[in-house]
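The values are calculated or read from the model by the stated rules, or taken from the named source; none is laboratory data. Just so it is clear, the model here is predicted, and its values are computed rather than measured. Note that we place each Cβ from the backbone using ideal geometry, even for glycine, and neighbour counts take in every protein chain shown. In case anyone asks, the SASA skips ligands and DNA or RNA and just uses the protein heavy atoms, side chains included. Shrake-Rupley method; radii C 1.70, N 1.55, O 1.52, S 1.80 Å.
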Amino acid sequence: MKQLVILSGKGGTGKTSLAAAFAHLAHEGSIPVRAVLADADVDAANLELVLHPELMETHDFTGGSLAVIDPQLCQGCGDCERACRFDAILPGLPYQVDAIACEGCAACVYQCPEEAIRMEPQTAGQWRRSESRYGPLFHADLKPAQENSGKLVTLVKQQARLAALDGDYPLLIVDGPPGIGCPVISALSGADLALIVAEPTAAGVHDMQRILETAAHFRIPALVCVNKADLYPEAARQIEAFCRERGLELVGSIPFDETVTLAMMNGEPVTAFNPESPASREIIAVWQNMLAALAIQPIPKVKEMT
Amino acid sequence: MKIVLSVTAPGIEAPIDPRFGRGATLLVVDTDTMQADAHPNPGVNASGGAGVQAAQFAAGQKAEAVISGDFGPNAFDALKAAGVAMYLYGDCQTARQAIERFQAGQLQQVGAPTQSGHHG
Amino acid sequence: MRIVVASGKGGTGKTTIATSLALGLAGDGSAPPPIFVDCDVEAPNAHLFLKPLFEQSQPIGIMIPVVDEALCTHCGKCAEVCAYHAIAVLGQKTLVFPQLCHGCGSCTALCPEKAISERLDPIGVIERGPALEGIDFRRGLLDVGKPMSVPIIRALQKQVTPRPGQTVILDAPPGTSCPVVAAMQGADYLLLVTEPTPFGLHDLRLAAEVARELGIPTGVIVNRDNGPYPDLETFCRSSGLPILLRIPFERAIAEGIAQGKNLVEIQPEYGERFRQMFHQVVRGEKA
């Protein structure tokens, strides 16, 4: 089983639109590939808005723990406040915990002479298994303002991976989160290949370099495709030059195409909404390149969708 | 000798679980008697550092080897420090099969982490 | 006044709005130029638009344990108290896993042998310098391969001490989890940038929920507005979120931003529009 993760560094470059199109092409393209899908952007999970899956199971996700001070036992000595390095203890009688600042380390619990503080595990979100028309989808919702998004990403991916292994699926497609920090590292973990969706803007070039460095740091092979490629040709050329210099393969240049937004408004992958649109044609070519890079099939000829 | 395996259920016929830190059960097998004791994996619900906890468990059991599907960098470093050898399941399906192949010297030993890390 | 610019979804134009607002206020003349803080430490971009000259750089890290093996008896107390399993005793060795450590100090404090000291484990830097129009620019930069961005955002927040009448504008990272909350802490007003699409609306809902949880007054800016999107209007109305500004979808704007220009540079009238929006917000907050 191969694991493909779609990332970008910068948000809003079109990761989810591409992931949805890949899900469609895996299922109905010229070379069908059975794929399990995972939405690893647990902060803002959008893949389901395009795939309209049927929900099969929901499970609570327990994140970290939170310190709770028993107001009856607190004597107001302030040892907890001094022990806390996250400014999460608010002085007063009784002392109180700032639930948002609390890191769940329990340093205050160990220092409280009255044993007035306990740690309470928090339900930080939920993860779900759904059935979409293109295959099983594993996704999650982190409750707003929660920690541990990396752990939830890991959980979603593990469930997806087990389902792929159990069901003998040759491919797992992971729609990744923006950035380069904890949830991105979790999304990259164990991937066979990362597709970096770069946007030809000053900001896009900058962030593409950061995510490519991150993939290299964790020794995950990466390929680049440019989205909205004709928006600013100079930046597109910069991306090309950067890839050439680093020996990275540029696997496609998807043109700016209103059809992508229209497809999203209609809740469909763009390749299903209009396979003949300029963006769809290029995404189909990118997909064929992905299959070749993952060695899932012998290198296929790029051909039209039927 | 003692070997620790990550599995999905108790018993020597248990199906393997490729996840070392987050597999449901850790099976401690005495290869002389083939007795298999099942323990809940301490890492399974950890909010981070699952591999470290599973490694600590294996070291505490005085295991000489562990068999699993994957070893992240933290579990790898921990097991290496504890002097516990690491082996990969390959295409083994059950714990018994993995032990037999281990004894026959047919399992691949791990010299470097097989995965990049997880983070909480 | 401390204004945070955020959005659940990435790529909606947070940085465009935040930098244009900063330039609009800097052009006002009646108040000191604002402080600008780029809190998107994983993918910072505001410097591309405000062109600061960095004069100061400060490493940021967390304090991680260092075990003195000569004193350590391998009793296991440190591993027992660590909530993150970032320290482990394995036979006759005690190992620290810096990537898992949150720097809480419990192992140091509770080691019965006093065998643990601490060292700074760098995770990134904070940089500071003057930018266009006298803006006091700061940003954080997370090192590649490091998971935790929150300590850098907290350090940025702590160093912001505005002069009287000086506005602080913070550009938040995308999402709704801990780094976003760290950026929103202490805000007087929150500007949520969205785009009129199902993805934009879905993520706006989540971001608005975070704002409600934190109790921060909030307004919405619709970017790339290309005609009515009734679901968005309905949501804003029913949630009591005023739509403060609409920026139309125009290829000229998209191309200008792609080149690293901000809105005020592309269409100078935006300077005045952002100033007006700011005064509307200030009036609303005083009323």
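Quick one: would you say residue C:179 is within 28 Å of residue C:19 (Cα to Cα), within 14 Å of chain B (Cβ to nearest Cβ), of a type outside the set (A, V, I, L, M) and in contact with a Ser or Thr (Cβ under 6 Å, 6 or more places away or on another chain)? Taking the combined requirement at face value, the residue satisfies it. Residue count for region A:83-128, restricted to those that are hydroxyl-bearing (Ser, Thr, Tyr) and open to solvent by less than 70 Å² (accessible area, probe 1.4 Å): 2. Could you say whether any residue in region A:22-36 is within 13 Å of chain C (Cβ to nearest Cβ) and touching a strand residue (DSSP E or B) at 6+ places or on another chain (Cβ under 9 Å)? No, every residue in region A:22-36 fails to be within 13 Å of chain C (Cβ to nearest Cβ) and touching a strand residue (DSSP E or B) at 6+ places or on another chain (Cβ under 9 Å).
Okay, residues lined up against (1) buried (at least 24 other Cβ atoms within 10 Å of the Cβ); (2) among the hydrophobic types (A, V, I, L, M, F, W, C); (3) on the phi > 0 side of the Ramachandran plot:
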residue	(1), (2), (3)
A:220	no, yes, no
A:263	yes, yes, no
A:273	no, yes, no
A:276	no, no, no
A:296	no, yes, no
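Checking each residue in region A:123-152 for being within 19 Å of residue C:207 (Cα to Cα), within 14 Å of the chain's Cα centre (by Cα), of a type outside the set (Gly, Ala, Ser) and modelled with pLDDT under 95 picks out A:141, A:142, A:148, A:152.
Are any of the residues in region A:244-253 without any contact (Cβ under 8 Å) to a residue 12 or more places away in the chain, surrounded by fewer than 16 Cβ atoms within 10 Å (Cβ to Cβ) and of a type in the set (Lys, Arg)? Checked against the condition, which is being without any contact (Cβ under 8 Å) to a residue 12 or more places away in the chain, surrounded by fewer than 16 Cβ atoms within 10 Å (Cβ to Cβ) and of a type in the set (Lys, Arg), region A:244-253 yields at least one hit.
Contact annotation: residue pairs with Cβ atoms under 7 Å, 6 or more positions apart or on different chains, pairing a residue in region C:32-55 that is farther than 19 Å from residue C:161 by Cα and of a type in the set (Phe, Trp, Tyr) with a partner that is crowded, with 24+ Cβ neighbours inside 10 Å and at pLDDT 95 or above, are C:49/C:15; C:49/C:19. Among the candidates C:174, C:164, the residue that is part of a loop (DSSP other than H, G, I, E, B), over 30 Å from residue B:80 (Cβ atoms) and within 13 Å of chain A (Cβ to nearest Cβ) is uniquely C:174. Say we look at region A:36-53 and pick out the residues that are small (Gly, Ala, Ser) and closer than 22 Å to residue A:100 by Cβ; which of these is surrounded by the fewest Cβ atoms within 10 Å (Cβ to Cβ)? Filtering region A:36-53 for residues that are small (Gly, Ala, Ser) and closer than 22 Å to residue A:100 by Cβ, the one surrounded by the fewest Cβ atoms within 10 Å (Cβ to Cβ) comes out as A:45. Of the set (1) away from chain C (no Cβ under 12 Å); (2) closer than 15 Å to residue A:154 by Cβ, all apply to residue B:91 but (2).
Screening residue C:14 on (1) under 24 Å from residue A:144 (Cβ atoms); (2) over 11 Å from the mean Cα position of the chain (by Cα) shows it passes everything except condition (2).
Here's the yes/no breakdown for (1) out of contact with any strand residue (DSSP E or B) (no Cβ under 6 Å at 6 or more places or on another chain); (2) within 14 Å of chain B (Cβ to nearest Cβ); (3) assigned to a strand (DSSP E or B):
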site: C:107; (1), (2), (3): no, yes, no
site: C:114; (1), (2), (3): yes, no, no
site: C:117; (1), (2), (3): no, no, yes
site: C:122; (1), (2), (3): no, no, yes
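The lone criterion from (1) in contact with a Pro (Cβ under 7 Å, 6 or more places away or on another chain); (2) touching a residue at least 40 places away in the same chain (Cβ under 8 Å); (3) part of a helix (DSSP H, G or I) left unmet by residue A:296 is number (3). Count of region C:123-149 residues, restricted to those that are under 17 Å from residue A:185 (Cβ atoms) and open to solvent by 20 Å² or more (accessible area, probe 1.4 Å), is 5. Of the residues contained in region C:145-159, one or more are found to be in a loop (DSSP other than H, G, I, E, B), away from chain A (no Cβ under 14 Å) and free of Cβ contacts under 8 Å to residues at least 60 places away in the same chain.
Among the residues making up region B:91-106, those that are open to solvent by less than 100 Å² (accessible area, probe 1.4 Å) and within 17 Å of residue B:14 (Cβ to Cβ) are B:92, B:94, B:95, B:96, B:97, B:98, B:99, B:100, B:101, B:102.
The set of residues in region A:229-243 that are open to solvent by less than 60 Å² (accessible area, probe 1.4 Å) and more than 14 Å from chain C (Cβ to nearest Cβ) comprises A:241, A:242, A:243.
So which residues in region A:169-189 are in contact (Cβ under 8 Å) with a residue 60 or more places away in the chain, of a type outside the set (S, T, N, Q) and either under 22 Å from residue C:176 (Cα atoms) or out of contact with any strand residue (DSSP E or B) (no Cβ under 6 Å at 6 or more places or on another chain) (or both)? Once the filter is applied, which keeps residues that are in contact (Cβ under 8 Å) with a residue 60 or more places away in the chain, of a type outside the set (S, T, N, Q) and either under 22 Å from residue C:176 (Cα atoms) or out of contact with any strand residue (DSSP E or B) (no Cβ under 6 Å at 6 or more places or on another chain) (or both), region A:169-189 yields A:170, A:174, A:175, A:176, A:177, A:178, A:179, A:180, A:183, A:184, A:187, A:188. Taken over region C:208-226, the residue count meeting the criterion of being on the phi > 0 side of the Ramachandran plot and touching a strand residue (DSSP E or B) at 6+ places or on another chain (Cβ under 9 Å) is 1. Restricting region A:54-82 to residues that are within 14 Å of another protein chain (Cβ to nearest Cβ) and over 35 Å from the mean Cα position of the chain (by Cα), the residue that is most open to solvent (accessible area, probe 1.4 Å) is A:82. Taken together, the residues in region A:1-17 that are in a helix (DSSP H, G or I) and either away from every other protein chain (no Cβ under 13 Å) or within 25 Å of residue A:147 (Cβ to Cβ) (or both) amount to 2.
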